[in-house]
1. Under 20 Å from a point placed 7 Å out from the Cα of Asn429 along the Cα-to-Cβ direction: which residues of the range 211-253 have their backbone N that close?
2. In what sequence, largest accessible area first, do Phe437, Phe161 appear using a 1.4 Å probe?
3. For Phe169, what accessible surface area do you get with a 1.4 Å probe? Give it in Å², rounded to 10.
4. Estimate the FRET efficiency between Ala405 and Thr377 by the formula 1/(1 + (r/R0)^6), using the beta-carbon distance for r and 22 Å for R0, to the nearest 0.05.
5. From the square roots a ≥ b ≥ c of the eigenvalues of the alpha-carbon gyration tensor of the range 68-202, which class results: rounded (a/c under 1.5), prolate (a/b over b/c), or oblate?
6. Pulled fully out, how much extra length does the chain show between His393 and Val33, if you take 0.36 nm times their separation in residues and subtract their Cα-Cα distance?
7. Roughly how many Å² of Phe204 are accessible to a 1.4 Å probe, to the nearest 10?
8. Not counting ligands, DNA or RNA, and with a 1.4 Å probe, what is Ser242's accessible surface area in Å² rounded to the nearest 10?
Amino acid sequence: MENHGEDGRGKGLKEGKGEEEEVMGSSLTMERVAAAKQFIESHYKAHMKLIQERKQRRSVLERRLASSDVPEEEQINIIKDLERKETEYMRLKRHKICVDDFENLTIIGRGAFGEVRLCRERLSGNIYAMKKLKKSEMLSRGQVEHVRAERNLLAEVDSHFIVKLYYSFQDDEYLYLIMEYLPGGDMMTLLMREETLTETVAKFYVAQSVLAIESIHKHNYIHRDIKPDNLILDINGHMKLSDFGLCKPLDCSNLAAINQHRAVNYERLKESMDVDESCPNYEHVKHWKSSLEQLQQWQKSRRTLAFSTVGTPDYIAPEVLLKKGYGMECDWWSLGAIMYEMLVGYPPFYSDDPITTCRKIVHWKNHLKFPEEARLTPEAKDLISRMLSDVDHRLGTNGAAEIKAHPWFKDVEWDKLYEMEAAFKPEVNGELDTQNFMKFDEVDPPKPTRTGSGMSRKLLLTPKDLSFVGYTYKNFDAIKAARHSFDTERGALSKHSSTNSILSDSGVDYSNIPAENSETQMHASPGDVMSQ
């Protein structure tokens, strides 16, 4: 009888386990069906849109050529050039792009979730910046929505003010973003080298930052991580905004509000910060003897942070730290902190530990001070003070036009900022030059670990398989980029030698179609926008 009891229990356990695996298998099947349905619908929509927008590109080009002074024979050549590129683009869309299509070169950036390195496309020889993110890290740290938002923003926003995305794709372990390489380095490196900028130079880059931030706000995205590290200079010294790994669509930005009068638990402030999961808690807070001492300490710690995967809260708005409801205005706070650093030499709420920095930001009214030796003009002080203020009174809360109208920008020609000579000209010697970026050591990738087999393995891999459906993207500009070289960026391409140059010279550039007809809306792969 006892054996029969044990057999019954064993049989029951096996049946229970079988039922559990059946339920898990059924759930997995349903997820796959949903993913397949999403992919097919996206594929069909993208295909229909591709046909329509290919016609639209042709129509827009013909219309613009008709109103230009380009000779008829040259117009015919330009249209043929477009037709050839459309054919190449269709061929590109059929090609399954993968990491083997690129030759890995120098690492130019490293973060908590991955790295950025220079790479060369084997077929075209084009040089790009490759951002590589580990899927398992994205899943385990809850970064899937951020990854989707970053990819969607780069695919949707066609702007000269942000870094251009050419391809996005994935393999079993990683997500890849192939972007334009801007060899001028980032604002952080420039500030480390120069310590402070004159108001003239600072004004140029703050103004370009305003345009960049405005361009993503117009598409209802919040960056949430505006800092010098993410302001990149191109070969001519013009600035573009990059790294949208913490961006959010506006409708996802409102977080649960807390009681404004509740005491803040600074020990847990780090839990509210998306950029830092390992803030140390220092018992002793250093009080600076002078602004010079503070500047020296900031320069020292800045170099350490450059090699660290741990972020800094110096540019984060107080409402973000407190997890209060927030919107686009949090990006203007960050720009105010950057402007302060450009002119003074260190961020306004800097301390030698991040928790104290958080305290200062939350109680900014008691800590925002301008050292006399910085000799800021009254207009510069006023602009910084009006961006580093509470949300209700912060400049930019009602749109970028408020900031543009400030007296500090009275001599800025906003429409010509990217046409004029840049305030700073970086030294760049060749298309593979990385001298304007920090140097990073190569790190051998970890060896793959065994993940089990059978149903447990399938379930473990399911999130990696299904969470990033529709991630692939191919930009029509990738075809045009194949015609451009390092010298092209310098302006050495002969006039009227191709569709790109003739249209650029004549003002008839089909890459600058208005937003509703933007090429980024025309050339995405199936799943142009990843579902949220």
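1. Backbone N within reach: 234-237.
2. Ranked from most to least accessible, the order is Phe161, Phe437.
3. 0
4. 0.80
5. Verdict is oblate for the range 68-202.
6. 124.7 nm
7. Approximately 20 Å² for this residue.
8. In the full protein context, Ser242 sits at about 20 Å².
The values are calculated or read from the model by the stated rules, or taken from the named source; none is laboratory data. Quantities reported herein were computed from a predicted structural model and do not represent experimental measurements. All Cβ positions, even for glycine, are placed from backbone atoms using ideal geometry, and neighbour counts span all protein chains on display. For accessibility, only protein heavy atoms count, side chains too; no ligands or nucleic acids. Shrake-Rupley method; radii C 1.70, N 1.55, O 1.52, S 1.80 Å.
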